[in-house]
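The values are calculated or read from the model by the stated rules, or taken from the named source; none is laboratory data. Note that this is a predicted model, so its numbers are computed, not measured. Counting neighbours? That spans all protein chains shown, and the Cβs are built from the backbone with ideal geometry, glycine included.
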């Protein structure tokens with residue numbers, strides 16, 4: 001009766017409350033005594049609670065879904081799911097099993113995005129024998145599983161996208177009951193019956209690489225190209241990125257998008273080429289990967305024989321950088337037009353197909369009015385954009401078709417952002433690749449189911465340079481899509497010509513809406529200033545060459561590479577490349593110039609001064625003019641005035657001296673400047689300045705010297721005549737004194753006459769020498785001019 005009264009809420013008496021408390025204390029005494037004998041562990045309870053909390057969630061076990069086959073099941077198929085599980089908790093899991101759950105169909109493309117990020121338990125557990133059992137899962141020890149279940153055992157009904165969950169259920173010491181300790185979710189496209197599909201899917205398959213060739217070429221007739229590295233060979237080799245893209249793409253219905261620079265580089269590798277050693281422009285080694293290049297190029301030529309090929313402008317220029325930072329640089333837009341023209345001829349000559357050059361593809365498909373203007377300035381009339389740039393205003397309940405007019409006769413082909421970015425993650429992990437493929441297929445099917453009776457085109461423009469693992473995941477998705485029932489393949493040209501949706505947005509986003517993350521990757525304005533400076537120097541250099549093509553072509557292509565989209569995120573590498581191009585051009589221009597002169601000496605009224613032009617190039621130079629200018633024409637004139645100039649033409653590897661006539665007007669030093677000029681009057685190379693020392697003899701000094709010489713001659717002649725007369729008188733006197741008698745020998749006078757002649761000069765008519773003795777002292781250090 002007391003318990004009944006207490007249960008009913010009646011208040012017990014004080015005596016009864018005292019008896020009840022006393023009994024509770026007596027009953028608890030043995031338990032308290034036992035607890036007091038246990039060691040004290042203050043944190044034990046907290047640790048136990050932490051461990052229990054740790055295993056209570058679905059993140060205790062990491063579930064990885066490595067394979068799902070078939071990716072798009074049909075009636076009669078058996079679905080096989082395999083993967084790996086790892087217990088990431090601290091307690092051993094017992095009585096575990098991996099099973100499948102099939103959730104409800106998705107009701108839109110946004111629902112797929114939401115489900116991929118959430119962690120729901122919703123869905124029907126397939127259960128039964130279609131599980132993988134594990135008696136024990138120790139912490140940190142990975143184990144694999146595989147489950148095969150007939151499709152007719154799955155709760156699939158109407159066509160659509162179903163959520164597929166792979167769950168691990170088990171028990172722990174802290175929670176000895178079945179609970180979901182791990183889950184991975186993916187999507188299962190389901191459309192078993194063939195349908196009158198209205199969806200056309202265009203997938204762009206890019207063959208693009210970074211820039212590898214420099215502006216430098218060999219001095220031989222073939223102009224052997226020089227590569228800054230040999231990384232391209234690794235991409236072309238078996239297992240390499242480009243080799244994988246080619247091997248996978250040839251089995252798919254895709255539109256090939258190629259950078260002609262890649263084709264030109266690989267083609268150059270099929271012959272003799274050189275590679276810089278550690279980036280040094282002065283040290284190179286012979287390239288050795290001709291066989292790999294030939295194999296790849298031959299395979300590509302066969303693959304694209306009957307396929308649609310889109311050629312980007314040469315070196316895939318960064319259109320956004322040009323639009324935002326390069327328009328003020330002279331020649332930037334004309335260079336883009338030239339890159340487009342070169343693109344067509346490059347592809348035709350190497351692959352023997354006629355490509356389309358009507359498309360411009362800005363980075364990530366992001367556009368604004370300035371980008372569209374630059375993109376179409378080179379002749380393209382179609383811009384490949386992306387739906388996260390040209391966003392819909394929300395007026396349409398479905399994703400519109402890709403093509404739409406944006407004004408000025410320009411068409412924007414808007415690639416689907418969800419499908420285009422599906423494989424940008426780390427696809428080296430099998431689980432990531434499987435999930436990406438299934439999500440891609442789910443989004444594609446949902447696109448088709450939005451308005452199944454309406455003809456629409458969807459374009460997929462993936463990342464420009466997918467890795468090998470990304471390319472493999474892309475190929476798996478495309479293979480499954482092409483084997484599916486809801487879409488057909490189409491070329492890019494067909495998607496461009498498709499009828500646009502009337503409600504689709506055609507408004508190009510403003511300049512201010514361009515993503516900051518992309519703007520931070522652009523080439524700076526300084527880059528275009530440097531390229532402009534290099535172009536000016538190239539223009540001055542070309543005009544003097546006998547064969548302009550030897551520098552015009554390699555430098556023109558190198559400057560195209562300097563604005564490549566591949567430099568995004570690699571600003572340091574981009575700067576080094578531009579510096580290398582400019583430095584090499586400087587070395588070439590300095591190979592033609594004037595040889596330095598020392599002081600020249602002029603010791604007369606007029607003389608010729610030689611100036612030497614040296615050409616260390618392998619080809620000849622002409623169209624140059626050498627001008628020699630006197631800084632003091634009152635003291636020294638060149639030709640008929642203050643300066644004179646003469647045309648110059650020098651063969652390759654030679655030098656030539658050009659002589660100028662000079663006239664001295666006063667003694668002393670006179671400054672002279674030699675300078676080369678091009679045909680258009682622009683100075684070429686540095687000037688050479690030197691002094692001319694004038695030591696001319698004046699007219700007064702000449703008269704004094706001449707008078708002195710004349711007096712010496714007259715004095716000598718007078719002394720000569722006086723001596724001759726004295727000798728004659730003496731001879732007459734001696735003859736009269738010694739006259740012989742009759743009959744005396746007459747030979748004596750003859751002897752005296754002979755003796756007299758012996759004292760006379762041998763040749764009286766020979767003049768006496770009047771020149772000074774030859775100077776034997778060594779000449780000075782100054783250069784003597786030709787007289």
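Tell me, which helices (runs of 4 or more DSSP H) wholly within the range 445-524 include 3 or more residues that are in contact with a helix residue (DSSP H, G or I) (Cβ under 8 Å, 6 or more places away or on another chain)?
Here the list reads 468-483.
Taking the range 58-71 as the region of interest, how many residues are more than 20 Å from residue 96 (Cα to Cα) and outside any strand (DSSP E or B)?
2
Which numbered condition in (1) out of contact with any strand residue (DSSP E or B) (no Cβ under 6 Å at 6 or more places or on another chain); (2) surrounded by 15 or more Cβ atoms within 10 Å (Cβ to Cβ); (3) not in a loop (DSSP other than H, G, I, E, B) is the only one that residue 174 fails?
Evaluating residue 174 over (1) out of contact with any strand residue (DSSP E or B) (no Cβ under 6 Å at 6 or more places or on another chain); (2) surrounded by 15 or more Cβ atoms within 10 Å (Cβ to Cβ); (3) not in a loop (DSSP other than H, G, I, E, B) leaves (3) as the failure.
The rows are residues; the columns are (1) more than 30 Å from residue 367 (Cβ to Cβ); (2) modelled with pLDDT under 95.
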{"site": "507", "(1), (2)": "no, yes"}
{"site": "530", "(1), (2)": "no, no"}
{"site": "542", "(1), (2)": "yes, yes"}
{"site": "546", "(1), (2)": "yes, yes"}
{"site": "550", "(1), (2)": "yes, yes"}
{"site": "563", "(1), (2)": "no, no"}
{"site": "568", "(1), (2)": "no, no"}
{"site": "575", "(1), (2)": "no, no"}
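Would you call residue 399 touching a strand residue (DSSP E or B) at 6+ places or on another chain (Cβ under 9 Å) and either in the same structural domain as residue 455 (by TED's automatic domain parsing) or under 21 Å from residue 254 (Cβ atoms) (or both)?
Yes: the conditions hold for residue 399.
Quick one: which of 258, 309, 304, 275 is touching a residue at least 40 places away in the same chain (Cβ under 8 Å), in contact with a strand residue (DSSP E or B) (Cβ under 7 Å, 6 or more places away or on another chain) and not assigned by TED's automatic domain parsing to the domain that holds residue 384?
Testing whether each residue is touching a residue at least 40 places away in the same chain (Cβ under 8 Å), in contact with a strand residue (DSSP E or B) (Cβ under 7 Å, 6 or more places away or on another chain) and not assigned by TED's automatic domain parsing to the domain that holds residue 384 leaves just 275.
Check residue 337 against each of (1) crowded, with 22+ Cβ neighbours inside 10 Å; (2) under 15 Å from residue 313 (Cβ atoms) and name the one condition it does not meet.
So residue 337 meets the others, but not (1).
Would you say residue 608 is over 44 Å from the mean Cα position of the chain (by Cα), surrounded by fewer than 17 Cβ atoms within 10 Å (Cβ to Cβ) and either assigned to a strand (DSSP E or B) or at pLDDT 95 or above (or both)?
Against the criterion (over 44 Å from the mean Cα position of the chain (by Cα), surrounded by fewer than 17 Cβ atoms within 10 Å (Cβ to Cβ) and either assigned to a strand (DSSP E or B) or at pLDDT 95 or above (or both)), residue 608 qualifies.
Residue 281 passes all but one of (1) assigned by TED's automatic domain parsing to the domain that holds residue 490; (2) within 17 Å of the chain's Cα centre (by Cα); which number fails?
All conditions pass for residue 281, except number (1).
Does residue 524 count as touching a residue at least 40 places away in the same chain (Cβ under 8 Å) and surrounded by fewer than 16 Cβ atoms within 10 Å (Cβ to Cβ)?
So residue 524 fits the description; yes.
Condition first: part of a strand (DSSP E or B) and surrounded by fewer than 20 Cβ atoms within 10 Å (Cβ to Cβ). Now tell me which residues in the range 181-206 satisfy that.
The answer is 183, and nothing else.
Restricting attention to the range 395-431, which residues are over 30 Å from the mean Cα position of the chain (by Cα) and free of Cβ contacts under 8 Å to residues at least 60 places away in the same chain?
397, 398, 408, 409
Could you tell me how many of the residues in the range 207-225 are in contact with a helix residue (DSSP H, G or I) (Cβ under 8 Å, 6 or more places away or on another chain) and either more than 25 Å from residue 385 (Cβ to Cβ) or in a loop (DSSP other than H, G, I, E, B) (or both)?
Residues meeting the conditions: 12.
For residue 518, all conditions in the list (1) surrounded by 18 or more Cβ atoms within 10 Å (Cβ to Cβ); (2) within 29 Å of the chain's Cα centre (by Cα); (3) at pLDDT 95 or above hold save one; what is the number of the exception?
The single condition residue 518 does not satisfy is (1).
Looking for whichever is outside any loop (DSSP other than H, G, I, E, B) and either closer than 30 Å to residue 694 by Cα or outside the structural domain of residue 538 (by TED's automatic domain parsing) (or both) here; the options are 601, 597. Which one fits?
Only one candidate passes the filter, namely 601.
I'd like to know if the range 443-459 contains one or more residues that are surrounded by 22 or more Cβ atoms within 10 Å (Cβ to Cβ), within 30 Å of the chain's Cα centre (by Cα) and in the same structural domain as residue 323 (by TED's automatic domain parsing).
Yes, because at least one residue in the range 443-459 is surrounded by 22 or more Cβ atoms within 10 Å (Cβ to Cβ), within 30 Å of the chain's Cα centre (by Cα) and in the same structural domain as residue 323 (by TED's automatic domain parsing).
Which one of these does residue 387 not meet: (1) at pLDDT below 95; (2) under 25 Å from residue 358 (Cβ atoms)?
(1)
Would you check if residue 438 is surrounded by fewer than 20 Cβ atoms within 10 Å (Cβ to Cβ) and either under 20 Å from residue 390 (Cβ atoms) or over 30 Å from the mean Cα position of the chain (by Cα) (or both)?
no
From 614, 619, grab the single residue that is touching a strand residue (DSSP E or B) at 6+ places or on another chain (Cβ under 8 Å), modelled with pLDDT of 95 or more and either outside the structural domain of residue 539 (by TED's automatic domain parsing) or buried (at least 20 other Cβ atoms within 10 Å of the Cβ) (or both).
Step by step, each of 614, 619 is checked, and only 614 is touching a strand residue (DSSP E or B) at 6+ places or on another chain (Cβ under 8 Å), modelled with pLDDT of 95 or more and either outside the structural domain of residue 539 (by TED's automatic domain parsing) or buried (at least 20 other Cβ atoms within 10 Å of the Cβ) (or both).
Within the range 536-548, how many residues are part of a helix (DSSP H, G or I) and either crowded, with 20+ Cβ neighbours inside 10 Å or touching a strand residue (DSSP E or B) at 6+ places or on another chain (Cβ under 7 Å) (or both)?
Total satisfying the criteria: 3.
So, in the range 549-592, of the ones that are in contact with a strand residue (DSSP E or B) (Cβ under 8 Å, 6 or more places away or on another chain) and outside any helix (DSSP H, G or I), which residue ends up surrounded by the most Cβ atoms within 10 Å (Cβ to Cβ)?
Within the range 549-592, the match that is surrounded by the most Cβ atoms within 10 Å (Cβ to Cβ) is 563.
Within the range 611-654, which residues are more than 20 Å from residue 599 (Cβ to Cβ), part of a loop (DSSP other than H, G, I, E, B) and free of Cβ contacts under 8 Å to residues at least 12 places away in the same chain?
Within the range 611-654, 640 is the sole residue that qualifies.
Only one residue in 679, 687 is surrounded by fewer than 15 Cβ atoms within 10 Å (Cβ to Cβ), modelled with pLDDT under 90 and in contact with a strand residue (DSSP E or B) (Cβ under 8 Å, 6 or more places away or on another chain). Which one?
The unique qualifying residue is 679.
Between 435, 445, which is in contact with a strand residue (DSSP E or B) (Cβ under 6 Å, 6 or more places away or on another chain) and closer than 24 Å to residue 403 by Cα?
Result of the check over 435, 445: 445.
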